[in-house]
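Written out below as structure tokens is the structure these notes cover.
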Amino acid sequence: MSVKLKVIGYLVRKETCEEIETALGSISNVVLSMHLQDGEWSLKSVGDEEIPDIIIYEIDGSKEEEIQDLEKILQEFAQRVTVYVTEKNGDIETMRRLMRAGVRDVFPQPIQTHELVNAVTNILSEKRTRLGQSKGGKGGVTSFISAKGGCGATTIAMNVAEILAHTFEAKVLLIDLDVQFGDAALLLDLIPGNNVMDALLQPHRVDPVFLKALITRHGSGLDVLASPADISSMGGISSDGVTSLIDAAVEVYDFVILDVPRVLTSWTMEALRCSDPVMLVGQNNLSSIRDAKLILDKIKQEGIPADNIEVINNRAMSKEGSIDINKLKETLGIERMHKASNDYKASVYSQNQGQPVEEISRGSKFTKDLHALAEYLYVLQKGETKKKGLFDKLFSK
Ligand SMILES: Nc1ncnc2c1ncn2[C@@H]1O[C@H](COP(=O)(O)OP(=O)(O)O)[C@@H](O)[C@H]1O
Ligand SMILES: [Mg+2]
């Protein structure tokens with residue numbers, strides 16, 4: 001499950017409240033509670049309630065008693081709470097006093113979104129490291145990779161991402177790492193202004209704000225970081241490029257879905273290492289199974305834990321001709337096997353229309369299977385399924 005960050009704003013002005021809400025509202029793992037200093041809430045209740053990770057305190061005109069309360073918090077919860085102050089009028093005396101007491105930093109007003117988002121996301125990743133969590137927690141970053149070209153990795157990645165964003169109303173980013181032949185944007189009928197290379201080639205520049213500027217939004221609410229329109233050279237891509245991109249993405253999104261090309265390079269392996277689960281998409285025929293086995297062996301050698309790898313049996317057929325699933329699991333040495341039904345008509349139509357499968361054939365077996373996969377990831381990440389209205393939404397016209 002994902003790590004949450006509790007942020008309390010204790011502020012003098014309404015405008016400061018709004019500035020902070022706008023800046024941090026898009027970070028999915030931040031739980032904000034904002035209070036005005038002349039309201040009912042006071043710093044005295046910190047400690048009675050769940051202890052926050054961050055307090056943002058506005059010092060202009062605040063009372064002596066409140067400054068003392070803040071000093072007390074800094075003393076008592078020094079290891080747990082990070083305190084930032086923000087100010088407009090420059091009460092240097094109070095500021096120095098609070099800095100001595102352990103305030104981490106000062107945000108002059110108007111607050112720079114970029115600075116605040118970076119400060120908060122750094123605390124979030126410190127917390128995650130402290131708790132020994134993988135990036136984004138289980139289900140936070142999921143890779144889809146094809147056992148053999150054409151097995152359906154892109155189709156499933158794109159549709160699962162779209163269902164998570166649309167039906168599950170989650171914050172989802174689909175990253176098309178197939179920089180040479182990626183077609184996620186085409187499949188969603190998007191015309192991206194920027195692409196994934198802008199991030200991959202500039203690891204030092206990538207942070208949540210920079211990332212946001214690169215994405216293209218789909219009508220379903222899904223954010224897409226598309227691959228370039230031309231065939232880009234993969235030469236300049238480093239593992240660093242991949243990790244800084246994923247690090248920034250997990251701070252802002254509930255789900256990061258990676259479409260990983262079937263090329264075995266250090267950076268594609270890094271993308272798989274950052275993912276949990278890794279979904280290997282295969283088909284139930286001998287040549288795909290052979291390749292699936294080769295890839296599974298290779299990625300295990302690369303240090304990707306077997307526990308993180310799952311297989312999707314795509315274009316599954318209910319009739320004869322397909323290989324026994326238990327035998328398949330045994331051959332691949334894999335515990336978890338998902339299935340996506342064969343649906344040529346919906347797949348081709350969806351592709352040609354640039355529309356997700358759930359829009360093309362609502363209620364079909366294939367849509368239900370894609371939905372089950374999305375729900376599987378949702379439960380992994382959130383610990384429970386989304387109940388309200390989901391069924392209605394899925395099957396309504
Ligand atoms: N479950 C399915 N049933 C029928 N056709 C499918 C299914 N999944 C994918 N396809 C089709 O297979 C082709 C290859 O899919 P794609 O997702 O591009 O594969 P990959 O990314 O693994 O190379 C596409 O034409 C797609 O529409
Ligand atoms: Mg593909």
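Just so you know, all these numbers are worked out from the coordinates, no wet-lab data involved. The structure displayed is predicted, hence computed values, not measured ones. Here Cβ is always computed from backbone atoms with ideal geometry, including for glycine, and neighbour counts include all displayed protein chains.
All other residues whose Cβ lies under 12 angstrom from that of Ile51 are scored, Lys and Arg at +1 and Asp and Glu at -1, for a net of -3. For the chain, averaging the sequence separation of C-alpha pairs within contact (under 8 Å, six or more residues apart) and dividing by the residue count gives a relative contact order of 17 percent. Rounded to the nearest 20 debye, the dipole size of the chain about its Cα centre is 1560 debye, using +1 on the Cβ of Lys and Arg and -1 on the Cβ of Asp and Glu. Each DSSP beta bridge with both residues in the chain is either parallel or antiparallel, and the antiparallel ones are about 5%.
Using a simple spin-label model with pseudo-atoms 7 Å out from Cα toward Cβ, Lys14 and Lys345 lie 5.7 nm apart. Only aspartates and glutamates eight or more places from Lys365 in sequence, or on another chain, were considered; those with a Cα closer than 13 Å are Asp343.
Answer rounded, prolate or oblate for the stretch 5-130, using the Cα gyration tensor with square roots of eigenvalues a ≥ b ≥ c: rounded when a/c is under 1.5, else prolate when a/b is larger than b/c, else oblate. Since a/c stays below 1.5, the shape of the stretch 5-130 is classed as rounded.
By the count of other C-beta atoms within 10 Å, a proxy for reagent exposure, Phe366, Phe181, Phe255, Phe168 are ordered fewest to most as Phe181, Phe168, Phe366, Phe255.
Counting beta carbons within 10 Å around each of Ile175, Ile299 and listing the fewest first gives the order Ile299, Ile175. Its relative contact order, with pairs defined as Cα atoms under 8 Å and 6+ residues apart, puts the stretch 5-130 at 26 percent. Ser42 sits among other residues whose Cβ lies under 11 Å from its own Cβ, and their net charge, with Lys and Arg +1 and Asp and Glu -1, is -4.
For Ala157, the shell of other residues with beta-carbons less than 9 Å away shows a net charge of -2, using +1 for Lys and Arg and -1 for Asp and Glu. In terms of distances greater than 19 angstrom between alpha carbons, the cross-link table entries Lys138/Lys386; Lys327/Lys368; Lys14/Lys212; Lys138/Lys327; Lys6/Lys44; Lys127/Lys171 yield Lys327/Lys368; Lys14/Lys212; Lys138/Lys327; Lys127/Lys171. Under the simplified labelling scheme, the Ser266-Ala229 pair shows an inter-label distance of 3.3 nm, with each label point 7 Å from Cα along Cα→Cβ. Relative to one another, the C-alpha centroids of the stretch 107-124 and the stretch 9-39 are positioned 12 Å apart.
Using the rule -39500 (n - 2.57) for each DSSP H run of four or more residues, divided by the residues of the chain, the 222 nm mean residue ellipticity is -12500 deg cm²/dmol. The relative contact order of the stretch 123-233 comes to 27 percent, based on Cα pairs under 8 Å that sit 6 or more residues apart. Determine the shape class of the stretch 251-383: with a ≥ b ≥ c the square roots of the Cα gyration tensor eigenvalues, call it rounded for a/c under 1.5, and otherwise prolate if a/b is greater than b/c, oblate otherwise. Note, shape of the stretch 251-383 comes out oblate. If you model the chain as an ellipsoid using its alpha carbon gyration tensor, with each semi-axis the square root of five times an eigenvalue, the axes come out at 44, 21, 20 Å, biggest first. Among Tyr253, Tyr57, a tally of other beta-carbon atoms within 10 Å of each Cβ gives an order, fewest to most, of Tyr57, Tyr253. Can you bin the stretch 174-249 into rounded, prolate or oblate? Criterion: square roots of the alpha carbon gyration tensor eigenvalues sorted a ≥ b ≥ c, rounded for a/c under 1.5, prolate for a/b above b/c, oblate for the rest. Taking the square roots of the gyration eigenvalues as a ≥ b ≥ c, the stretch 174-249 is oblate.
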